[in-house]
Amino acid sequence: MTVTNLKGGSGKSTTTGLLAHAWAEAGRRVIAVDADPQGTLTRWAQDADWYIPVFGLATNKLHTELSGIVSPDRYDVAVVDTPPLELQRGIVYSAMRAATDVVVTLAPTSSEWDVLPKVWDALDEVEPLRSGQALVSVLWNRVRTNTTSAAVYREMLDESRRYSCRAVIPLAERYAQVIGAAVTFRAEDTAVVDAAAEIAGRGGW
């Protein structure tokens with residue numbers, strides 16, 4: 001599972017960490033792969049003393065090296081956090097090649113919507129290099145409650161025939177400030193758990 005977007009600050013590391021914990025709590029054997037040279041995911045795991053292993057692999061050979069590290073005998077899910085596509089194209093392309101599933105993080109804003117075609121272009125360029133087609137899901141994050149913007153952008157995405165997760169991650173302090181802190185899910189807050197289940201369900205795993 002590769003988590004990607006064109007720019008920094010789009011919630012890639014946050015989403016990677018949250019999804020990894022949701023799948024682990026669902027009973028899956030999870031490893032997180034930090035492919036971002038900035039090492040945000042690695043520092044977060046160290047600061048919060050994660051029980052989920054994190055492996056640093058910021059290389060444009062990730063698609064060839066990952067299989068020697070992530071064994072299906074040991075792990076059910078490998079979640080890869082990537083750097084911004086616009087800054088580290090080689091690493092992100094390699095992570096896309098390695099993935100059976102791709103999550104594109106997206107906030108319902110014009111600035112993120114306008115650069116989305118560059119992400120689709122990258123995925124299209126990588127597709128012929130893959131052994132099989134990747135399932136791509138857009139996961140909306142930083143969604144404000146009681147606003148229409150998310151619905152408008154979701155409808156536009158549906159018209160483009162790209163898959164939009166029904167579950168969304170709301171704009172909330174518990175997500176915005178989670179990096180560096182322990183990950184806990186409130187019983188009444190199922191956003192991340194629902195998103196993780198939906199993505200896994202699409203992939204049949």
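Values quoted throughout were computed directly from the atomic coordinates according to the rules given, and no laboratory measurement underlies them. Predicted, not measured: the structure shown is a model, and the values here were computed from it. Reconstructed Cβ throughout: ideal geometry from the backbone, glycine too, with neighbour counts over all protein chains shown.
Seen from every direction in turn and averaged, the convex hull around the alpha carbons of region 144-205 projects onto 5.6 nm². The convex hull drawn around the Cα atoms of region 1-117, when projected onto a plane and averaged over every direction, covers 7.1 nm². Distances between placed amide hydrogens fall under 5 Å for residue 105 paired with 4, 139, all partners being 5 or more residues away or on another chain. Over all pairs of different C-alpha atoms, the chain has a mean inverse distance whose reciprocal, the Kirkwood radius, equals 16.9 Å.
Out of all Cα-Cα pairs in region 63-142, roughly what percent, to the nearest whole number, are more than 17 Å apart? That tail contains 50 percent of the Cα-Cα pairs.
Would you kindly state the longest site-free stretch of the chain, with sites defined as GluC sites (Glu not before Pro) in a DSSP loop (not H, G, I, E, B) surrounded by at most 15 other Cβ atoms within 10 Å?
Numbers: sites that count: 86, 188.
Between the exposed loop sites, the longest stretch runs 87-187.
When the helices of the chain are scored as -39500 (n - 2.57) per DSSP H run of n ≥ 4 and the total is divided over every residue, the value at 222 nm lands at -12000 deg cm²/dmol. A simple rule links phi to the HN-Hα coupling: the Karplus curve 6.51 cos²θ - 1.76 cosθ + 1.60 with θ = phi - 60°, which for region 127-139 gives 3, x, 8, 8, 7, x, 6, 8, 8, 10, 10, 8, 10 Hz, with x for Gly and Pro. The mean sequence separation of alpha-carbon pairs under 8 Å and at least six residues apart, normalised by the residue count of the chain, gives a relative contact order of 25 percent.
Determine the shape class of region 125-175: with a ≥ b ≥ c the square roots of the Cα gyration tensor eigenvalues, call it rounded for a/c under 1.5, and otherwise prolate if a/b is greater than b/c, oblate otherwise. Please report the intermediate quantities before stating the final value.
Details: a/c = 3.77, a/b = 1.87, b/c = 2.02.
Because a/c hits 1.5 or more and a/b fails to exceed b/c, region 125-175 counts as oblate.
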